[in-house]
Amino acid sequence: MELNRRTLLTGAAAAGVTAAAGGAAHAAGGRKPVKSLFGTLADGTKVYRWSLENGGTRLKVLSYGGIVQSLEIPDRRGRYANVSLGFGSLQDYVTKSPYFGALIGRYGNRIGAGRFTLDGRTYQLSVNDDANSLHGGAQGFDKRVWDVEPFTRGTDVGLRLSYTSADGEMGYPGTLRTKVTYTLTRSGDWRIDYEATTDRATVCNLTSHVYFNLAGEGSGPVYGHELSIAASRYTPVDPGLIPTGELAEVAGTPFDFRRARTVGEDIRVAHPQLLHGKGLDHNWVLDKGVTGRPEHIATLRDPASGRTMRIATTEPGLQFYSGNFLDGSLVGTGGSVYRQGDGLCLETQHFPDSPNRPSFPSTVLRPGQVHRSTTVHSFSA
Ligand code: GLA
């Protein structure tokens, strides 16, 4: 049975399910987010954790990297679980995080050889993934301290995060003023609005790198989750995970998620593309393309708990990464070791390496323009 949020809340209250420690708001249209100290960086900068709750969804966000440190949603019986992989300490985020929960900028995913040419000038970026630049370079937005302002607006609660990236940072041209808004709505949706402006022509591709496990982080692999993606094509990659430029049909391949099926069904098929990323780690070309309003593009469901997440976005691409590089060397938030496939990312984005692929939707941002994108995660059980 598909319960709506209000039913769930009532059900949870009736079952005596309690709010998380820290006493977040119980009702829709909840109160202001609550701030607590999470840790201190080596240079003395204090990092805070903000807790917010609305419509049955609970979110904890760090000022470091805009990281979603915890995302709790109920199952069909009202039992909460943290469905995002992460750590309990700031030290772990600083020293060994594979982008757990983080905001990604200036450029989500890879730029080949960490180099691109814009208006006749070639820019060399910070290279941090063999010969390529990944997720904004060695010190991307995931490793920056953001200004965070809480807000309540009608029945919404949320956080406004801002970070200004200096001209030349990680090799990118232009001062990029970035604002990201996390909103929890009264129906428990988690909405992300990205905005950026520049003072010189540059490229920009912002996303969020939450690793989802709808059975709860640390509970084992997500291969039994059912996934659908509204995409008839994907962008094949070379062995360095840089798109070849081709838009290949998903029909008849392990990349066909047009109808819901389990994540693990084809993960061991000896398709050459699966060998490059040790599993699924590709950009799906969303059939809807770039849109002015977020449109539904993917649904992820854990049949055992009933927890279901629907994603809507304005973006033209979705990087689906099946947690292939998790290798049992990290201990997560709840004290369990993360192994391969224990979480998956669904990163709404423009396509990887777009600055070097004129045929892909453009990621160029010029002075006077505003980069805008929105992604909404809706939960039910
Ligand atoms: C992205 C990439 C992956 C990997 C992860 C981080 O999703 O596509 O190849 O680099 O980030 O580990």
Where Cα atoms sit under 27 Å apart: lysine pairs in the chain separated by 8 or more or lying on different chains: 22
Packing-based ranking, highest mean first, of 221-233, 320-332 given that Cβ atoms within 10 Å are counted: 221-233, 320-332
Calculated [θ] (222 nm, deg cm²/dmol) that DSSP helices of n ≥ 4 give over the chain, each run adding -39,500 (n - 2.57): -1500 deg cm²/dmol
11 Å beta-carbon shell around VAL370, net charge (K/R +1, D/E -1): +3
Euclidean distance of C-alpha centroids, segment 150-203 and segment 68-92, integer Å: 23 Å
Distant alpha-carbon pairs in segment 11-380 (separation over 37 angstrom), percent: 14 percent
For segment 20-164, size of Cβ-based charge dipole, Lys and Arg +1, Asp and Glu -1, in debye: 320 debye
Backbone HN-Hα couplings from phi across segment 147-155 [Karplus 6.51/-1.76/1.60, Hz, Gly and Pro as x]: 6, 10, 10, x, 8, 10, 8, x, 9
Whole-Hz couplings from phi, Karplus 6.51/-1.76/1.60, listed for segment 96-113; x for Gly and Pro: 9, 7, x, 6, 3, x, 7, 6, 10, x, 6, 9, x, 6, 9, 10, x, 6
Local electrostatic count, ALA196, Cβ distance below 15 Å [Lys/Arg +1, Asp/Glu -1]: +1
Percent RCO, i.e. relative contact order, over the chain, from Cα pairs under 8 Å lying at least 6 residues apart: 17 percent
Cβ-based charge dipole, the chain, positive-most Cα from PRO361, PHE141, THR57: THR57
Potential extension, PHE151-ASP167 segment - 0.36 nm per residue separation minus Cα distance: 2.8 nm
Listed residues TYR99, TYR172, TYR123, most fluctuating in the chain (Gaussian network, C-alpha, under 10 Å): TYR123
Lys, Arg +1 and Asp, Glu -1 on Cβ, resulting dipole of segment 293-381 about Cα centre, debye, nearest 20: 280 debye
Rounded to the nearest 20 debye, dipole of the chain from Cβ charges on Lys, Arg, Asp, Glu: 1060 debye
Highest-fluctuation residue, HIS282, HIS135, HIS371 considered, GNM on the chain with Cα pairs under 10 Å: HIS371
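Bear in mind that the values in this text are calculations on the coordinates, not laboratory data. Everything numeric in this text was worked out from a predicted model, so none of it was measured. Positions of Cβ are generated from backbone atoms using ideal geometry, with glycine treated the same way; all protein chains shown enter the neighbour counts.
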